[in-house]
Ligand SMILES: [Zn+2]
């Protein structure tokens, strides 16, 4: 790399773009994006997620490549191992390898999602990484087999709430050795809808007190979808204030060259079915928020910009190498069945019956 800016990457899980929020949630979020623009962010208003689920999306971003394109990819791995490997990509993918070989220091905030669990000390050895993934997988499996552990993770516990608030308030990057790669994956506005507009714990949205998203929580029922939309918008309003504070703090505390990415991995899941592509609102699910602050001139945002190209564009600017842009493609994966992957067209397929 010719230039080594500090890189801050914040994922707000499930955060839709302005068009989606207007169309499906009757919520005008333009004040927030205007605030980001005022801080120097470029808004990619037509960004597209490659998949419908967090982990293959995150893996595609951090490997700069589509993580799965057909049933034969990863065919030797059981679904949960694939998920563990995908979830490890922020510290074990190609982007991480490039940054590590350029002397970057890594800092993560806890996400609260089992498959996005990050090690405290980033090892550079592939062998150690593999053992971390395997250990994580077996620990998660083991814990889920214990009734009391599962019980601890039933609705109304405050663990996730606390993790989310702490991630928004985390400023550990100030003390970290530079150059830094800081990754903060925050479960917001993704369910549970346990945070009210002021940031206080709420049990108002009683059907959405777990991490379940889409049809796993709405059952595609009209009234539950309505409740989802209310809880989601309230969590977005809270997130907006906290995230503006967070990026403001980064900008004020770091006078070095930097790149700050604030994005949804995918959009909201109010009209999203985990099992059926045809009953999912693809325009809601595949259209996330993407905003990038960069002290280097990145190519301006274009139509239908795939998240897979984020680091291709960044490394093209920071190095001598040209990382060619990949074509924008979209795929649907039924829950737990990545081998049933289907290439899709998000314009002509799917359905959005509860447009507001
Ligand atoms: Zn997600």
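Quick notes on this one:
- Overall dimensions of segment 144-288, expressed as equivalent-ellipsoid semi-axes from the Cα gyration tensor (√(5λ), whole Å, largest first), are 30, 19, 15.
- Once the Cα-Cα distance is subtracted from the 0.36 nm per residue extended length, the residue 120 to residue 249 segment shows a gain of 44.1 nm.
- DSSP-defined beta bridges in segment 6-343 - what % are antiparallel, rounded to 5: 35 percent
- Label-point separation, residue 342 to residue 302 (7 Å along Cα→Cβ), nm: 2.9 nm
- Rounded to whole Å, sorted largest first: equivalent-ellipsoid semi-axes of segment 194-254, Cα gyration tensor: 29, 11, 9
- In a fully extended conformation the segment linking residue 354 and residue 70 would gain 99.1 nm over its present Cα-Cα distance, using 0.36 nm per residue.
- Centroid-to-centroid, using Cα positions, segment 166-225 and segment 303-344 are 24 Å apart.
- Available extension along the chain between residue 278 and residue 42 is 81.6 nm, counting 0.36 nm per residue and deducting the alpha carbon span.
- On a per residue basis, the convex hull of the C-alpha atoms belonging to segment 211-356 measures out at 143 Å³.
- Neighbour-count order for 312, 285, fewest beta carbons within 10 angstrom listed first: 312, 285
- Most mobile of 116, 337, 289 in a GNM of the chain (Cα contacts under 10 Å): 337
- The chain, relative contact order in percent, only Cα pairs under 8 angstrom and at least six apart counted: 33 percent
- Value in Å of the Kirkwood radius, where segment 233-304 supplies the Cα pairs that are averaged: 14.7 Å
- Cα Rg, Dmax (largest Cα-Cα span) when computed across the chain, Å: 19.1, 54
- Note on the chain: helix-only mean residue ellipticity at 222 nm, from DSSP H runs of 4+ residues weighted -39500 (n - 2.57) and normalised by residue number, equals -11000 deg cm²/dmol.
Values in this text are rule-based calculations from the coordinates and carry no lab data. All of these numbers come straight from a predicted model, not from anything done at the bench. Glycine also receives a Cβ, built like all others from the backbone with ideal geometry; neighbour counts cover every protein chain displayed.
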